[in-house]
Amino acid sequence: MKNKLVSLLILALFLVIGLFFWQVFGHGHIFYMLNFTYIGIFVSTGFYLMLNKKPFARNVSQIGVGLYMLVLLGAVFGENMQIEGFWFYLFSGMFQAAVIHYLVAKIGGPLLFGRAWCGYACWTAAVLDLLPYKTPQGERKGKLGVIRYLLFALSLCFVGSLFLLKAQNMEQIMYISFIAGNVLYYAAGIALAFAFRDNRAFCKYICPITVFLKPVSYFSFLRVKVDQDKCISCGKCEQVCPMNVTVTDNRRSRKNGTECILCIECINNCPKNALKV
């Protein structure tokens with residue numbers, strides 16, 4: 001019953017967000033309500049299945065949300081849903097899907113869900129999580145994380161230069177960069193996964209979106225905590241964590257604490273049920 005309640009609350013929150021955007025920015029169009037209802041159904045279903053230890057639980061959510069945003073909104077409707085698209089529409093003063101997506105999923109949402117976007121909705125991770133190295137096989141290479149900040153700055157400079165140079169056909173450039181960017185992301189993600197034997201290597205070292213996600217996730221309402229009285233310090237939770245989080249430390253400043261994607265693997269593998277969200 002508790003798992004159903006948590007999932008229903010997540011769905012309800014998405015419905016409230018959808019209703020808000022529909023009434024305030026919808027101008028008579030029901031797109032926002034349908035958009036957030038669809039995403040909420042898949043995210044809440046994935047979370048429910050994960051809490052009930054069902055195989056491929058997060059994959060259901062990732063593929064459902066990811067295909068919608070990558071294929072329908074991106075490839076078909078032609079809206080760049082990557083970080084370049086966010087900068088472009090923001091600078092253009094257009095309140096498009098990409099801006100709403102970043103405000104909800106990448107900037108505001110982490111205050112509630114932390115980096116649940118990465119665990120249940122990211123279309124890049126939807127592919128990477130199908131690779132064979134679900135549990136990292138080596139130590140985390142901390143210094144490589146600087147790459148994400150370089151890509152973040154590069155994306156901002158790229159879009160900014162288009163405006164400064166008053167480039168023609170900027171929307172077409174954004175569409176091409178969306179397709180090319182996703183191809184490069186997938187290629188880099190798969191290559192890194194096999195090179196480091198870690199499916200989530202791309203998320204840890206390359207993904208520029210985490211520059212938004214990490215600082216806000218520090219204050220996340222939903223997070224995994226440990227009951228110290230039950231914990232036997234077996235280390236199982238940290239062995240199965242795909243993001244190398246020090247799970248048994250309840251402090252917000254715990255090692256890699258802002259990396260938690262709420263995959264619940266630690267909870268599902270704890271022999272003493274000492275962990276909870």
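The values are calculated or read from the model by the stated rules, or taken from the named source; none is laboratory data. From a predicted model like this one, the values you see are computed outputs, not experimental measurements. Neighbour counts are summed over all protein chains in view; Cβ atoms, including those assigned to glycine, are modelled from backbone coordinates with ideal geometry.
Numbers at a glance
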| item | result |
| --- | --- |
| Sole exception among (1) modelled with pLDDT under 95; (2) surrounded by 18 or more Cβ atoms within 10 Å (Cβ to Cβ); (3) of a type in the set (A, V, I, L, M, F, W, C) for Phe221, by number | (2) |
| Hey, Leu19 farther than 25 Å from Leu130 by Cβ and not assigned by TED's automatic domain parsing to the domain that holds Glu265 or not | yes |
| Those residues of region 262-276 which are in contact with a helix residue (DSSP H, G or I) (Cβ under 7 Å, 6 or more places away or on another chain), over 15 Å from Thr246 (Cβ atoms) and assigned to a loop (DSSP other than H, G, I, E, B), in sequence order | Leu262, Cys263, Ile264, Pro271 |
| Enumeration of residues in region 85-97 that are in contact (Cβ under 8 Å) with a residue 24 or more places away in the chain and within 18 Å of Asn182 (Cα to Cα) | Gly85, Trp87, Phe88, Ala97 |
| Every residue from region 252-277 that is farther than 15 Å from Leu112 by Cα and β-branched (Val, Ile, Thr) | Ile264, Ile267 |
| Members of region 23-56 that are under 19 Å from Phe95 (Cα atoms) and touching a Leu at 6+ places or on another chain (Cβ under 9 Å) | Tyr32, Met33, Asn35, Phe36 |
| Among residues of region 123-153, those that are loosely packed, with under 13 Cβ neighbours inside 10 Å and within 18 Å of Thr210 (Cα to Cα), counted | 7 |
| Identity of the residue in region 216-258, in contact with a helix residue (DSSP H, G or I) (Cβ under 7 Å, 6 or more places away or on another chain) and in a helix (DSSP H, G or I), that ends up farthest from Gln82 (Cα to Cα) | Lys236 |
| Filtered residues of region 199-214 (kept if part of a helix (DSSP H, G or I) and of a type in the set (Lys, Arg)) | Lys204, Lys214 |
| Condition met for Phe21 (crowded, with 23+ Cβ neighbours inside 10 Å, over 13 Å from the mean Cα position of the chain (by Cα) and assigned to a helix (DSSP H, G or I)) | no |
| Residues located in region 218-268, provided they are closer than 21 Å to Thr135 by Cα and basic (Lys, Arg) | Arg223, Lys225, Lys236, Arg254, Lys255 |
| Boolean, Phe194 is in contact with a helix residue (DSSP H, G or I) (Cβ under 6 Å, 6 or more places away or on another chain), assigned by TED's automatic domain parsing to the domain that holds Phe91, in contact (Cβ under 8 Å) with a residue 12 or more places away in the chain and part of a helix (DSSP H, G or I) | no |
| Residues satisfying the stated conditions in region 68-97, i.e. within 14 Å of the chain's Cα centre (by Cα) and among the hydrophobic types (A, V, I, L, M, F, W, C) | Met69, Leu70, Met81, Ile83 |
